[in-house]
Amino acid sequence: MICTTKGFHLLEIPQLIDLDDLEQWQVEDGTMPMLRGLRTTNASKLKIPERLKSIALPAEWECDENW
């Protein structure tokens, strides 16, 4: 899955549900500037992109146990 630059400009908490076969998620710079969390369910093969891991986390950050 690829999220391109300036994509999802209002998205705050993406929810990736029942994507057990998803292994790769590419997130370009400038994607999801309002990001404040991430939820995944049944996405055990998914590797969280380094770009998302490097975002400064707000106090109300939400994520699943695999982050």
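Taken together, the values in this text are just the output of simple stated rules run on the coordinates, not laboratory data. In this text, all values refer to a predicted model and were calculated from it rather than measured experimentally. Quick reminder, even Gly has a Cβ in these numbers, built from the backbone with ideal geometry, and neighbours come from all protein chains shown.
Points to keep in mind about this one:
- Approximating the spin labels as points 7 Å out from Cα along Cα→Cβ, the LYS47-to-ASP20 distance works out to 2.2 nm.
- Long-range HN-HN contacts of THR40 with modeled amide H, under 5 Å: LEU16, ASP64
- Summary of packing: across the peptides 4-17, 35-48, the per-residue average of other C-beta atoms within 10 Å ranks them, highest first, as 35-48, 4-17.
- All other residues whose Cβ lies under 12 angstrom from that of LYS6 are scored, Lys and Arg at +1 and Asp and Glu at -1, for a net of -2.
- Placing dummy labels 7 Å off each Cα toward the beta-carbon, the span from GLU28 to ILE13 is 2.8 nm.
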